[in-house]
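Below is one structure, written out as structure tokens; the observations come after it.
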Amino acid sequence: MDTKMDLSEILLWIDLIKKEKTRPDLNELKMMLYFLEDYKQVKEFYNQFGEYKNRLPFKFLAHSLIHFLEDYEDCVELKKHILSKTKRNYNSLFIHQILLCKSQEEAMNIIAEAKQYDTELGEIWASRYDSIWRVKNNQKIWKEGIEHDQAELFPEMYEEFCEMKVKYFERIPLEQLKQNILKEQTNEVDNRKVGKVSVFPRSVYIKEFAKRVSKGICQLCDEKAPFVDKQGNPFLEVHHIKYLSQKGTDTIDNVVALCPNCHRKIHLLELDEDFKKIKKKALRNMEF
Ligand SMILES: [Zn+2]
Ligand SMILES: [Zn+2]
């Protein structure tokens, strides 16, 4: 897969399907889950659905999401939710709970509980408590399955998302987009002052801002974007002046939109004069 979705795109996707009141598709959900990088992101992903959680397919909850829960309480909660909705026989729920529980006694209790739901687990599971490594291994196997079976669905799915995204952003004036981003940036600084580290995943908004403010002109060579994308927008790439990997910030004063050539050049040559030029442009972007 050459493109991937980051957390901010995934959260936006959830908002958009909520707005359009469409039922989330199983394959799409699996794809999103595949892109999440850690348990914190899994939680943000799941919480973003809010009331919409009720519309998530059981198959997704019981055969995909469950493997990614690494917190015992979260697992119990999801299990309860699923069992209250369906009579189907879901080994995976009880097994996952055993892997996360801390003692053999608890494991035995879970096996007994499973029986009440006509689920025979077998005594072997009694010794498999407290094995996060098995959880991690199951995640790995699940992800490999995605690469095999679903990766080819992704480009089409991503294109659909891009169309939804374009329509959504069309309705937001540039000034409002900027204000929204600035508000989140300030919240973040305030949070940090009181010791809270909460980063609002906003790269999708930052990218949109940088592209729009550039008006289709590369901010290094000042030439028009070389082509338009499938949605008819000038193709430019968003570059972080101080790299995110070097603690650069995802803020509008740290990004510019570049043509693919210049983007390559910047990364390969890292010329001081180029750096100065785009830094100036980024500051000017703030005033557009
Ligand atoms: Zn250029
Ligand atoms: Zn870059």
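Points to keep in mind about this one:
- Pair Leu16, Asn47: separation of 7 Å Cα→Cβ label points (nm): 2.3
- Cα radius of gyration and Dmax for the range 237-288 (Å): 10.3, 29
- Checking the cross-link pairs Lys30/Lys224; Lys30/Lys230; Lys21/Lys207; Lys165/Lys279; Lys79/Lys143; Lys193/Lys230 against a 32 Å limit on the alpha carbon distance flags Lys30/Lys224; Lys193/Lys230 as lying beyond it.
- Note on the chain: Cα-only Rg and Dmax are 22.8, 71 Å.
- The charge dipole of the chain, taken about the Cα centre with unit charges on the Cβ atoms of Lys, Arg (+1) and Asp, Glu (-1), comes to about 760 debye, rounded to the nearest 20.
- Averaging over all projection directions, the Cα-based convex hull of the range 171-288 occupies 7.9 nm² in the image plane.
- When the P(r) is computed for the range 7-154, the part past 22 Å accounts for 41% of the Cα-Cα pairs.
- Per residue accessible area in Å² of the range 174-285, where ligands, DNA and RNA are left out and the probe is 1.4 Å: 60
- The range 1-131 - percent of accessible surface contributed by carbon and sulfur, probe 1.4 Å: 46
- Kirkwood-Stokes translational diffusion coefficient of the range 1-75, alpha-carbon pairs, 20 °C, 1.002 mPa s, µm²/s: 169
- Normalised contact order of the range 7-154, rounded percent, pairs of Cα under 8 Å and 6 or more residues apart: 21
The values are calculated or read from the model by the stated rules, or taken from the named source; none is laboratory data. In this text, all values refer to a predicted model and were calculated from it rather than measured experimentally. FYI the Cβ positions are ideal-geometry reconstructions off the backbone, even for glycines, and counts take in every protein chain you see. Just so you know, the surface numbers come from the protein's heavy atoms only, side chains and all, with ligands and any DNA or RNA stripped out. Shrake-Rupley method; radii C 1.70, N 1.55, O 1.52, S 1.80 Å.
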